[in-house]
């Protein structure tokens, strides 16, 4: 009678849990392992490149992590609730501004959107926040300035606010004509636990260090943000090293360089399937710009990818009815293209 080996299923189970919990780290390890098997020199160069890039961005990483932890510990993210009271056009403007500066992650925005809509907040104001939020936040601004430059960070912030305003106004005009009367799917609830921030915002405690629970929250947020940024940026810098090594600069220049509209159109459409996340995309775009990518195309890629990435699009599809989903995609791609064109014009004049 044969005896089953309990170690094999146990190992398989452990690997499955590891893949579920840390797929990004495993992807980075797989890249290095695969490189070591086919090209040891490139494996070493990629590892050194990623380590050097992480070290170079460390000051910006530390500041961005501190900002994210501070926002959570003080409760400053609760201030978002105040952006959605007032006249429709005022709400659109405040929604776009709040989305551009809010520290919410992409997974945290969806329940907030559901709560806002179920509370009766007009879709126009919610759409302004919805479109602007994935593009920029305080920590993203710091990292964008560090990985790319300050001008690009300011342009990305302006694009977030502009896209929010554009989307909110278009939806407002459509609503006056009778569109989007019932934006949420029937099975969507009231926003769940994430909606509590909107329904009953808690007071902001700026001196959070005086409260043990808030100090603990600062520590948890700092740790989680550090691990999140470390794993995604490590993968991004590894991919950037391979891109620089294997993709000829003339290819990038031919597809995404130049001053015309075609590179911006290409980058806008490429942002949908090729986007990783806002943090991982920064060094990749930086590498492409170094190889000849037009700055306007780079901004279009970041804006389009941030709003229409596959995870974000799936979340919107699960929450909103098809007409709202179609408007979300159409507005984001149109706004990303317009942002790229305007930024390209600006850079050509300076």
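The values are calculated or read from the model by the stated rules, or taken from the named source; none is laboratory data. These numbers were taken from a predicted model, which means no experiment stands behind them. Cβ placement follows ideal geometry from the backbone for every residue including glycine, while neighbour counts extend to all protein chains displayed.
Restricting attention to the range 183-220 and to residues that are assigned to a loop (DSSP other than H, G, I, E, B) and modelled with pLDDT of 80 or more, the residue that is surrounded by the fewest Cβ atoms within 10 Å (Cβ to Cβ) turns out to be 207.
Taking the criterion of being at pLDDT 80 or above, more than 14 Å from the chain's Cα centre (by Cα) and not in a helix (DSSP H, G or I), the residues of the range 112-153 that qualify are 122, 148, 149.
For the range 28-59, a tally of residues being part of a helix (DSSP H, G or I), buried (at least 16 other Cβ atoms within 10 Å of the Cβ) and either under 23 Å from the mean Cα position of the chain (by Cα) or at pLDDT below 90 (or both) returns 5.
Is there a residue in the range 79-99 that is closer than 18 Å to residue 225 by Cβ and modelled with pLDDT under 80?
Filtering the range 79-99 for residues closer than 18 Å to residue 225 by Cβ gives none.
Looking for residues that are closer than 18 Å to residue 225 by Cβ and modelled with pLDDT under 80, one finds none in the range 79-99, hence no.
Inside the range 254-280, residues that are assigned to a helix (DSSP H, G or I) and at pLDDT 75 or above make up a count of 9.
Within the range 288-316, the set of residues being surrounded by fewer than 22 Cβ atoms within 10 Å (Cβ to Cβ) and either within 20 Å of residue 150 (Cα to Cα) or modelled with pLDDT of 75 or more (or both) comprises 289, 290, 291, 292, 295. If you go through the range 240-253 and pick out every residue that is at pLDDT 80 or above and crowded, with 16+ Cβ neighbours inside 10 Å, you end up with 2. Check whether at least one residue in the range 2-23 is closer than 30 Å to residue 207 by Cα, at pLDDT 60 or above and assigned to a helix (DSSP H, G or I), and report yes or no. Within the range 2-23, none of the residues are closer than 30 Å to residue 207 by Cα, at pLDDT 60 or above and assigned to a helix (DSSP H, G or I). One residue stands out among those in the range 164-182 that are surrounded by fewer than 17 Cβ atoms within 10 Å (Cβ to Cβ) and part of a loop (DSSP other than H, G, I, E, B): the one that is modelled with the highest pLDDT, which is 177.
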